[in-house]
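Presented below is the structure to which this report refers.
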Amino acid sequence: MKKRLKLRVNGEDIDLFAEPSRLLKDVLREDLDLTGLKEGCSSGYCGACTVLIDNKAVKSCLVVARQAQGHEITTIEGLAHDGRLHPIQQAFIDRFAVQCGYCTSGMILASKALLDCNPNPTEDDVKKALVGNLCRCTGYVKIVEAVLAAADMMRSSAREGEKV
Amino acid sequence: MSKEFSVIGKSIPRVDARAKVTGQGKFSADLKIPGLCYAKLLGSPYPHARIKKIDVTRAQDLPGVISVITGDAPENRLYGDLYMDSYIIAKDTVRHVGDPVAAVVARSEDIARDALDRIEVEYEELPAVFDVEEAMRPDCPVVIHPDMLKYTRLPKPNLRYTPAPEGRKNVFEYFQIVKGDIDRGFAEADLIVENRYTTPIGNAAPLETPVMDAWFETDGVLTLRGKTQSMHQVKAAICNIFHLSPSKVRFLVPYVGGAFGPFCHIWPEIIAVLIVMTVQRPVRLAFDRTEQFTLSGQKPGRVIYVRDGVKRDGTIIARDITFITNYGAYAGPHGTQALVKGCTGGAISLYRHEHFRFRGYAVYTNTCPAAAFRSIGSSDMHWGMEQQMDIIAERLKMDPVELRRRHIFKEGEEDIVGEPIHSIGAEECLDTAANWIKLKEKPAPAPGPWKKGKGIALVGHWVVTEMPSWSYVKVHKDGSVEVRHAGCELGQGCDTVITQIAAEEFGVPVDKVRLITRDTDVTPFEFYTAATRLTYYIANSLARACQDAKRQIFDLAAPRLEIPAHELALGNGEIYVENSPGKRIKISDLYSPIGFLPVPGGEILGKGFFAEPAIPYDANGRSPKQWAAHPYMAYAVEIGVNTETGQVRVEKVAGVVDVGRALNPKLVEGQIEGGMGQGIGGAIFEELILEDGRVLNPSFVDFCIPTIMEIPTGKNVASLITPPLPHPKAYNGVKGVGELTIVPFFAAVGNAFYNATGIRICDLPLTRERVLKAIFGPQLEGHVPARDEGSKIASSTSTSPSEQANITVSMPLSSILKANNAITNGDG
């Protein structure tokens, strides 16, 4: 039996009805058409379905949608504002960290979770933060470069912000 | 090549990057049409069995089930790429675990899955064969396709294959290349080095699993939408198999989440078509991760014997390769054309040998059918060939770089099969890689149980012939350019370089170029996006389409400017004359005030075609034209080996490519790094474990592809591109890159492993178990490494080559090992 479900997704409150066992991945992809998160293994290993819950990177194939009630969910669709890309998105473009794009939304969100709590990560920090996100195309080299470049960008815009 | 370019050769951002970083780019599973039903396949639990009875009643009765389709379906038929050897849904006989015996179509995927459990099938088990060398013996008691010689063979005029050679009933294709007199070569050799190498069954494992939707439009057009590397070829095959009009079939391709080979052919499209023709409703056939690992075409396992005859001065005068591929149960589903020949493109284009022989066997076994995977066997072949080079160098106390350098073909020289080759940057790749890793210096000592080693490998690769390309170009009134092409953007970046070429040819910024693609209805025919061919071919056909369009523009402008058409130039939407600033008009000036172009057709539409026909092989596999171009690559690696745990860690990598002109260097770097990533996976982790034909590790937990932790990054990686060399047909020197970047990786790691440990491992991958067995050999069961003068060879334990009915060598493994370690007079 479907039950009422209240989610907060990308800053918007959403009311819907869903089976109690329905996975967050399926609610987001199928009920809310947020198809930026991808399904790669449905068992928590590939990270293609990564979303942010209260700014932590979470694999949405391992979360029942009800568990996410009362929390702030962010998907890749919620990252750019007014057509302005988030610095991590921009860095992924500038550094050629995208190939097929299937892992990209998960990679970017997992990177955001890292940079939000560690604005000055080392190469090793980046690798540890992304260990749960598989990529089969890039060999990860440019992904690491992009995250470090985004950290740079975000630090300098934070400094700019302080000056103003 | 002093020509200045404004767009090509520059690392402009990917044209698809914004769509992908914002999550807006749609992949197959992201799109759904109303009324979609879901199909699931029931596979055989046995590797080889006769189907005695199928009862689908209980499945049919489950609410939500629309149809259960079995081998009796009227549209079920034999199909194949080279041989028609496979029914879409098995009829009478199943030949591998997972061989589809029924398809359920239901309102939801869950219902379809539940219904599978309610289908009752009675089987009579048959004896099965899994080991490829056992299967190829003439006396193998299991014959997988008793009717093989009666199957319809599709014409492949350029390929010269023989089925069932030497009475080997499970060998469906045999292909050979013979140069010189191989026996004389070995007789004249001072040293003979021979080894048996193996590579495992693997899987391309793209992040996106296969999704194929099929439906009929109201006008009766059969529409397919899903993941492929080859929309037009698949469409053509489907039209042939089901006798459909090409005007009634359409293939749409959303973004593709990685492909790497297995998506070149008609699987699983063929099943989706059978289902939609049967149920006449929109249907989705999607594989989950387990099915990707068990049902989509596998990277085949291979056994490679390499025997080299060497003169005292280091000249390898004779090289004899026997290349045995385990294709699994069918040649049909995944296409085998050129899979036996394909891998030879590297072996014949790099090193000079007076005597050479290649014998390739494609063998049926009762395992899941194989498909192409990045380099269609070349990485496997070079796993053997490039370790041989190091073994020979060590035996002769020569520098391994110098030994290789000495054998590299010179510009214009005839390759092994008799074709002159051009644009050979192999030596520069080799030297650059060796210098970067400082190959002559010992690695820094490692702490505790770790040992470090360095290794290098060099390869030649190929761009295929015989697969022409077509492009259309339309020029709009504002000077913007529309390109119609059917290359598949798989992540490699073809849409970006195609945009760059059109922008370069018309002298417009890249944002004035629009691509129309991903749809067979509006694009010209294109062969598959595979075999390192797309950039080479499409660059040439697109350049011709651009020239055709420009010619039309100049013909229209010439009378207006009163200048002969051939003196005109084009840039930024204007037609002008070099050095005459006053003489120019805009493309828009050619149009009537209300916006039409007063010519037949009313538009500027350029068409381009480019072909490289092959000259068929003679009986010895010789031909003056079989390959369009040869890119080259060297990897140099430094690895660490933990001698207590068996862990192998790749710590530093330099990948150096000669791809001709890099249209977009950052994209080429991305290919190198991606090849390195898959190379690390294949070298250390990736292996499908089969027990009686059943895959035991069909998940990312058990089939480990590298995570970010296994990859060297930052200053530990160098992706380097050598300067382009002239090539007679390549568009501005562009060759190709795709597959190339995995090919030398395995052997570079193998050589580094030897450098670190003094042990030569001949079987991939270098798992902890295999490494420990190699190190502690005698203490570990089932493993007998040979030992001598400080060099050990650990080879796999299956049948020695001599027992293989003389297919390869006349010496048992023990004497090969002896020969390997002593300069002989060529008689032992």
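Every number in this text was worked out from the coordinates using simple rules, so none of it is lab data. All of these numbers come straight from a predicted model, not from anything done at the bench. Cβ: placed from backbone, ideal geometry, glycine included. Neighbour counts: every protein chain shown.
List, in order, the whole-Hz ³J(HN,Hα) value for each residue of segment B:247-258 obtained from phi through the Karplus relation with A = 6.51, B = -1.76, C = 1.60 and θ = phi - 60°; use x for Gly and Pro.
In residue order, the calculated couplings are 6, 10, 10, 9, 10, 10, 10, x, 4, 10, x, x Hz.
Quick one: angle between helix A:104-117 and the longest Cα principal axis of chain A, in degrees between 0 and 90, rounded to 10, please.
70 degrees
How do B:R518, B:R14 rank when sorted from fewest to most other Cβ atoms within 10 Å of their own Cβ?
Ordered from fewest to most neighbouring Cβ atoms within 10 Å, B:R518, B:R14 come out as B:R518, B:R14.
In whole Å, largest first, what are the principal axis extents of the Cα atoms in segment A:31-164?
Each principal axis gives a Cα extent; for segment A:31-164 these are 43, 35, 27 Å.
Mean Kyte-Doolittle hydropathy of -1.0 or higher plus an axial Cα length of 20 Å or more: which whole DSSP H helices in chain B meet both?
B:378-395, B:534-561, B:665-680
Subtract the Cα-Cα distance of B:I33 and B:F525 from 0.36 nm times their separation in residues, and report this length gain in nm to one decimal. Present the calculation step by step, with values, prior to reporting the outcome.
Details: separation 492, 0.36 × 492 = 177.12 nm, distance 2.60 nm.
Fully extending the segment from B:I33 to B:F525 adds 174.5 nm.
Output needed for the protein assembly as shown: three equivalent-ellipsoid semi-axes, defined as square roots of 5 times the C-alpha gyration tensor eigenvalues, in descending order, whole Å. Don't jump to the answer; show the numbers that get you there.
Details: eigenvalues 348, 263, 203 Å².
Semi-axes, largest first: 42, 36, 32 Å.
B:D702 versus A:L16, label points 7 Å from Cα toward the beta carbon: distance in nm?
3.4 nm
For B:I585 paired with A:D31, estimate the spin-label separation in nm (one decimal), with each label point 7 Å from Cα along the Cα-to-Cβ line.
If labels sit at B:I585 and A:D31, their model points lie 6.3 nm apart.
Can I get the semi-axes of chain B's equivalent ellipsoid? Compute them from the C-alpha gyration tensor as square roots of 5 times the eigenvalues, in angstrom, largest first. Show your work: numbers first, answer last.
Working: eigenvalues 370, 275, 113 Å².
Equivalent ellipsoid semi-axes, largest first: 43, 37, 24 Å.
Within the set A:K142/B:K438; B:K410/B:K715; A:K6/A:K56; A:K127/B:K3, which residue pairs have Cα atoms separated by over 30 Å?
B:K410/B:K715; A:K127/B:K3
Sort out for me the Cα centre separation of segment B:77-127 from segment B:532-561, rounded to whole Å.
Comparing the Cα centres of segment B:77-127 and segment B:532-561, I get a distance of 49 Å.
State, in angstrom, two size descriptors of segment B:81-148 derived from its alpha carbons: Rg to one decimal place and Dmax to the nearest whole number.
15.8, 49
Could you work out the helix-only [θ] at 222 nm for the protein assembly as shown, with each DSSP H run of four or more residues adding -39,500 (n - 2.57) and the total divided by the number of residues, to the nearest 500 deg cm²/dmol?
-7000 deg cm²/dmol
How long is segment B:206-264 along each principal axis, judged by its Cα atoms, biggest number first, in Å?
So the three principal-axis extents are 34, 22, 13 Å.
Taking every residue in B:663-674, how many Cβ atoms of other protein chains lie within 10 Å of its Cβ, on average? Show your work: numbers first, answer last.
Working: counts 0, 1, 1, 4, 2, 0, 5, 10, 4, 2, 9, 10.
Partner-chain Cβ atoms within 10 Å, mean over residues of B:663-674: 4.
Post the alpha-carbon centroid distance, segment B:384-447 to segment A:11-60, in whole angstrom.
If you average the Cα positions of each part, the centres end up 50 Å apart.
Between B:T162 and B:L126, what's the calculated FRET efficiency when r is the beta-carbon distance and R0 is 30 Å? Round to 0.05.
0.65
Relative contact order, percent, of segment B:66-159 when contacts are C-alpha pairs under 8 Å separated by at least 6 residues?
So the answer I get is 31 percent.
Treating the beta-carbon of each Lys and Arg as +1 and of each Asp and Glu as -1, no other charges, what is the dipole magnitude of segment A:87-163 about its Cα centre, to the nearest 20 debye? Write out the running numbers ahead of the final one.
Details: 9 positive and 9 negative charges, 35 e Å.
Using Cβ point charges on Lys, Arg, Asp and Glu, segment A:87-163 gives about 160 debye.
Just to verify a number: FRET efficiency for B:A187 and B:E414, C-beta to C-beta distance, R0 = 35 Å, to 0.05?
0.90
Given all pairs of different Cα atoms, what value in angstroms does the Kirkwood hydrodynamic radius of segment A:87-163 take?
12.3 Å
Take every Cα pair under 8 Å in chain A that's 6+ residues apart, average their separations, divide by the length, and report that relative contact order as a whole percent.
This gives 22 percent for chain A.
Got a sec? Charge dipole of segment A:3-78, +1 on Cβ for Lys and Arg, -1 for Asp and Glu; which of A:V9, A:T50, A:T75 is way out at the positive end?
Value: A:T50.
Could you tell me which of the pairs A:K112/B:K735; A:K112/B:K652; B:K20/B:K474; B:K10/B:K477; B:K454/B:K729 are separated by over 31 angstrom between their Cα atoms in the structure shown?
With Cα atoms farther than 31 Å apart: A:K112/B:K735; B:K454/B:K729.
Label points 7 Å out from Cα along the Cβ direction at B:K248 and B:D139: separation in nm?
About 5.4 nm, to one decimal.
As a footprinting exposure proxy, order B:S44, B:S379 by other Cβ within 10 Å, with the fewest listed first.
Starting with the residue having the fewest Cβ neighbours, the order is B:S44, B:S379.
Quick one: order A:R95, B:R107, B:R18 by neighbouring beta-carbon count within 10 Å, fewest to most.
B:R107, B:R18, A:R95
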